[in-house]
Amino acid sequence: MTTDCVFNVSVNAFSVGEVRYRGLFMPHGGPEASAPERRPVLLLGGTSISMSDQKELIVCLFTAGFDMAAIETPMGGLWHAGGVPKKVRCDALVDFIKHLCASEKIKGIDIVAHSYAAFEVVRTLMAASVTYRPLIKSVVLINPPGFSARLTFVSHLLRIVWGHILCGYLKMLWCRYGWGHCTGMVTGAERKAFARRELRGIVAMTFKGMQNPVRTIREIRDIVSFKPAGPISQLQEIHGYDFNLFLNAGDRMVQVQDTLFCGLRLLRPENIRVVPGGHNDIVYQQWQRQALIAFLNEIRARTS
């Protein structure tokens, strides 16, 4: 166990088999406080998103009153194989939930999974749907991939490299120096602050992705091959899981129209929230977090 300088709380290093990962738990009142059974929000980051990247989001949700938990599987070094991502991430999730329930009074967990993390949630619940049903009160998928029938390795790679990284970077440079327009940002100072955050996020994600190209390529292959709609339908209709979608209308990495079309066939309208912004805005920007908090409060009231 170490004290992480980012969160100033204890962050545990875990291992299950050959998988190494880090886990964080932030309860209100501190870990030693006596409290009734807790219902934490478990935040799972997408491809190339670390707990450090999610620092502001975790603290924001914690400040809003949620006990917070999060896990992170390290990217590994250059060309390090590091196992199969879909197995590594599922193994880490299963192990962390086990540790969390063994060490804390947990009455339920609300999972918030960003992007690719949706896959490990669906796979984990499918593998032990009866076991997890009393524990997992709700699942919120933020900009999940895999809902487009037209998705191929090349097309998704182009959306990442051309749409999100290159076009996104150039657009934010344009906004940074006061010429462009950012959705929801009115003043020049707001546009510049938004652009700085977006540029920092694009650079961070690109660097982490290039840090281990083998893992990144494996994750992209998995994204274009796994279709979560069928398993989600089964988990809802047979086992009664509560799934929800939080989507960004301006997502350049995931085809939000396809996700929304499929989501409206799977979920009730109240289980879907669409807000402006891009794929990683919930991680790197501040302006949508109140919408997510309001959505979580609605979900928790409905599933209490």
Q) Is there a residue in segment 142-160 that is surrounded by 15 or more Cβ atoms within 10 Å (Cβ to Cβ), at pLDDT 90 or above, aliphatic (A, V, I, L, M) and on the phi < 0 side of the Ramachandran plot? A) yes
So, first residue farther than 15 Å from residue 89 by Cβ in segment 203-228, second residue among the polar types (S, T, N, Q) and in a helix (DSSP H, G or I), Cβ within less than 7 Å, six or more apart or across chains; the pairs are 209/216
Going through segment 252-282 in order, the residues found to be surrounded by fewer than 17 Cβ atoms within 10 Å (Cβ to Cβ) and basic (Lys, Arg) are 265, 268
Practice problem: Would you check if there is a residue in segment 284-293 being part of a helix (DSSP H, G or I), in contact with a helix residue (DSSP H, G or I) (Cβ under 7 Å, 6 or more places away or on another chain) and modelled with pLDDT under 90? | Solution: yes
Among strands (runs of 3 or more DSSP E) entirely inside segment 12-88, those with 1 or more residues being at pLDDT below 85 and surrounded by fewer than 15 Cβ atoms within 10 Å (Cβ to Cβ) are none
Filtering segment 207-221 down to residues that are under 17 Å from residue 49 (Cα atoms) and either of a type outside the set (Val, Ile, Thr) or surrounded by 17 or more Cβ atoms within 10 Å (Cβ to Cβ) (or both) yields 207, 208, 209, 210, 211, 212, 213, 215, 216, 218, 219, 220
(request) Confirm whether residue 238 is under 14 Å from residue 139 (Cα atoms), surrounded by fewer than 22 Cβ atoms within 10 Å (Cβ to Cβ) and among the β-branched types (Val, Ile, Thr). (result) no
Residue hits (segment 198-234; part of a helix (DSSP H, G or I) and of a type in the set (S, T, N, Q)) are 206, 211, 216, 225, 233, 234
Counting only residues in segment 283-294 that are within 15 Å of residue 41 (Cα to Cα) and under 15 Å from the mean Cα position of the chain (by Cα), the one surrounded by the most Cβ atoms within 10 Å (Cβ to Cβ) is identified as 292
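The values are calculated or read from the model by the stated rules, or taken from the named source; none is laboratory data. Everything numeric here is computed off the predicted structure, so don't read it as measured data. Every residue, glycine among them, receives a Cβ derived from its backbone with ideal geometry; neighbour counts consider all protein chains shown.
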